[in-house]
Amino acid sequence: MAQNLKINILAKDKTKAALNGVRGRLAGLKNAVFSLKGAFVGLGAGLVIKSFVSTGRSVEDLQVRLKQLFGSAEEGSKAFDVMAKFAARVPFSLEQIQAASGNLAVVAGDADRLSKILEITGNVAAVTGIDFNVAAEQIQRSFAGGIAAADVFRERGVRALLGFKAGMQVTTEETIARFEELFGEGGRFSKATEVLATTFTGTLSMLSDKLFKFRLDTAQAGFFDFIKTGLQDG
């Protein structure tokens with residue numbers, strides 16, 4: 001009888017010890033899981049904040065450049081609105097258009113002219129398959145020095161598309177007039193960006209622009225200034 005009692009007590013003690021050990025390991029696992037979850041949440045929040053800050057910074061830098069390029073804050077702000085509205089309806093992202101703004105602003109002169117050159121650039125990019133930034137660079141060269149200055153356009157057949165033969169002497173004015181005739185309003189390729197916007201690639205670009213605009217609106221609502229002020233005070 002005493003022997004059985006001793007065995008039962010030992011068994012209970014070992015079982016209790018084993019359960020305590022399991023509970024300890026479960027508690028440790030739980031803490032590890034929640035710590036890992038917290039790390040991922042923190043990382044995610046950090047990436048989100050970084051994206052808003054990056055958007056605010058790039059837009060602020062662009063507005064400063066546009067102010068310098070167009071001679072006034074008012075005209076620079078108008079030019080930025082032109083780019084934003086253009087991006088909202090074409091299969092090219094606002095970020096791409098921003099990156100190309102410097103080249104186009106050089107030959108635009110004012111926001112209204114920039115709007116027309118953006119249309120031409122978009123249509124050229126849509127027809128030829130050239131990256132928007134590359135197309136903008138080549139448009140800037142063409143509008144500043146004539147079609148002969150745009151090497152990529154020559155290689156991609158744009159010169160021939162404009163009707164200029166190899167070795168043909170073409171002035172800058174003739175080059176601009178031909179681009180406006182074919183790729184500007186009412187031209188043969190004036191609807192190229194609209195057609196491209198209906199494709200899967202264009203749809204993805206539109207979605208990307210909506211996300212970028214959300215980040216932009218958030219940054220301009222004061223979030224970016226709040227972060228910037230905090231860094232300056234620190």
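The values are calculated or read from the model by the stated rules, or taken from the named source; none is laboratory data. None of these values were measured; they are calculated from a predicted model. For the accessible areas, the whole protein counts, side chains as well, though only heavy atoms, and no ligand, DNA or RNA atoms are used. Shrake-Rupley method; radii C 1.70, N 1.55, O 1.52, S 1.80 Å.
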In vacuum, with every alpha carbon of region 65-139 counted as one equal point scatterer, what does the Debye formula give for log10 I(q)/I(0) at q = 0.11, 0.21 Å⁻¹? Two decimals, please.
-0.22, -0.81
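For the full complex of protein chains and a 1.4 angstrom probe, list 199, 193 by accessible area with the highest value first. Walk me through the intermediate numbers first.
Details: 199 50, 193 0 Å².
The residues order as 199, 193, largest area first.
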What is the gain in length, in nm to one decimal, between residue 155 and residue 188 on full extension, counting 0.36 nm per residue of separation less the C-alpha to C-alpha distance?
9.8 nm
